[in-house]
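Each remark here refers to the structure printed beneath this line.
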Amino acid sequence: MSEKQPKAEFFGGVPGFPISLAVRAGDYAYTATLGSHTFDANKVTYDSDGRVLSDGSGRGDERIEEQTRATMRNVEAALSGVACTLEDVIDMTVWLRDPRDFIAFNRTYAEFFRVNKPTRTVLRADFMFDCRIEMKAIAYKPRAIAPTKHAKSRRDRTPRQSQR
């Protein structure tokens with residue numbers, strides 16, 4: 001008889017967007033792609049080429065260090081919803097609007113991963129809202145193994161004979 005696999009757990013959401021902030025599937029957790037702030041899609045304005053001019057938040061001009069820290073806090077909050085922390089992160093994908101932000105981003109990012117350093121991909125991208133950075137995390141944290149019906153409890157086992 002096979003054990004029933006746990007279902008995926010979905011955490012959080014963003015008003016107006018059909019997404020979860022994080023999903024726990026077995027021993028793995030995945031965050032949505034997160035930025036430093038949320039925005040109202042109805043308030044985003046574009047130039048004639050379709051580039052975002054403003055998302056109405058007033059936060060698009062924040063320095064990359066501020067946006068990196070805010071984004072990391074948002075990733076951390078999403079992970080906490082599925083019982084994980086930044087220490088459980090094994091892989092990060094990062095998108096930067098301006099490649100010239102890389103050095104300052106990298107220095108700030110290092111503040112959050114001093115011991116366990118996940119693998120990472122950094123890409124340049126245009127965004128759907130006025131931000132300098134977005135991130136997505138994959139975390140690994142084994143779930144507690146529940147005893148099966150057929151397993152003997154510790155009390156039911158015969159004690160080992162000590163060897164003299």
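Where a number appears in this text, it was derived from the coordinates with a stated rule and is not lab data. As the structure is a computational prediction, the values presented were derived from the model and not from experiment. Cβ coordinates were reconstructed from backbone atoms using ideal geometry, including for glycine residues, and neighbour counts include every protein chain displayed.
Laid out as a table, the results:
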item	result
Ranked list, fewest to most other Cβ atoms within 10 Å of each Cβ, for 128, 92	128, 92
Amide proton proximity set for residue 122, modelled H, under 5 Å, gap of 5+	94
Charge tally in the Cβ shell below 13 Å around residue 114, where Lys, Arg are +1 and Asp, Glu are -1, residue 114 excluded	0
Rg(Cα)/(2.2 N^0.38 Å) for segment 9-156, N = residue count	1.25
³J(HN,Hα), Karplus 6.51/-1.76/1.60, whole Hz, each residue of segment 115-123, x for Gly, Pro	9, 7, 9, x, 5, 8, 10, 10, 10
Calculated from backbone phi, Karplus (6.51, -1.76, 1.60) coupling profile of segment 75-80 in Hz, x at Gly/Pro	5, 4, 5, 5, 4, 5
Ranked list, fewest to most other Cβ atoms within 10 Å of each Cβ, for 91, 49	49, 91
Charge tally in the Cβ shell below 9 Å around residue 98, where Lys, Arg are +1 and Asp, Glu are -1, residue 98 excluded	+3
Amide H contacts of residue 22 (H built 1.01 Å from N, under 5 Å, at least 5 apart or other chain)	11, 32
